[in-house]
Amino acid sequence: MAFARELGGHLKPGDWVALMGELGSGKTAFVKGLAEALHLEGVPRSPTFSIVQVHRPKRGGIALRHVDLYRLAPMEIPALEWEELHQDTGVTVVEWAEKCQYLWPSQCLPIRLTHEGQDARLIELYIYGARSEELVRRLKGAK
């Protein structure tokens, strides 16, 4: 979660994070770390049953749209309000984003989480547009 908090400190309205990984790899925990950095009201939980949850900032933060595609069949995914998810009014984080890669915006940060033992995760960042390249560069510089 420390890495997610670090990333959250660099996010701005309009950023889109595509989280990928197997069940239990820590996607929702990652979103919680982002939420801490964005100073959100409440703690994000997996929105598996509501699909999209919007978390508002407490003070001076950025809103977070948290999307969980786990329970959706591929043919149901395009029915979501994708235009709303691509707005510049907050950060959008999509769990199970590998199910909708064809709908990703041209600027997003794909992240794959993989189990590396019981309490460790491998976090892989991918370059997908100039904004993700900028974020990766900033994160490397923060170390």
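The values are calculated or read from the model by the stated rules, or taken from the named source; none is laboratory data. These figures come from a predicted structure and were not determined experimentally. Here the Cβ positions follow ideal geometry from the backbone for every residue, glycine too, while neighbour counts run over all protein chains shown.
Out of segment 80-99, which residues are of a type outside the set (A, V, I, L, M) and modelled with pLDDT of 80 or more?
Those that are of a type outside the set (A, V, I, L, M) and modelled with pLDDT of 80 or more: G90, T92, E95, W96, E98, K99.
For the subset of segment 64-76 comprising residues that are aliphatic (A, V, I, L, M) and buried (at least 17 other Cβ atoms within 10 Å of the Cβ), which member is nearest to H39 (Cα to Cα)?
L64
Can you give me the number of residues within segment 45-79 that are at positive phi and either among the polar types (S, T, N, Q) or at pLDDT below 75 (or both)?
Residues flagged as at positive phi and either among the polar types (S, T, N, Q) or at pLDDT below 75 (or both) within segment 45-79 amount to 1.
Provide a single number: the residues in segment 100-114 that are closer than 13 Å to M20 by Cβ and touching a Ser or Thr at 6+ places or on another chain (Cβ under 8 Å).
5
Quick check on F3: is it under 21 Å from R138 (Cα atoms), modelled with pLDDT of 85 or more and over 12 Å from the mean Cα position of the chain (by Cα)?
Against the criterion (under 21 Å from R138 (Cα atoms), modelled with pLDDT of 85 or more and over 12 Å from the mean Cα position of the chain (by Cα)), F3 qualifies.
Could you list all residues from segment 102-143 that are assigned to a loop (DSSP other than H, G, I, E, B) and over 17 Å from V91 (Cα atoms)?
E116, G117, Q118, D119, A120, Y126, I127, A142, K143
Might you let me know whether segment 101-112 holds any residue that is under 14 Å from the mean Cα position of the chain (by Cα), at pLDDT 85 or above and of a type in the set (S, T, Y)?
no
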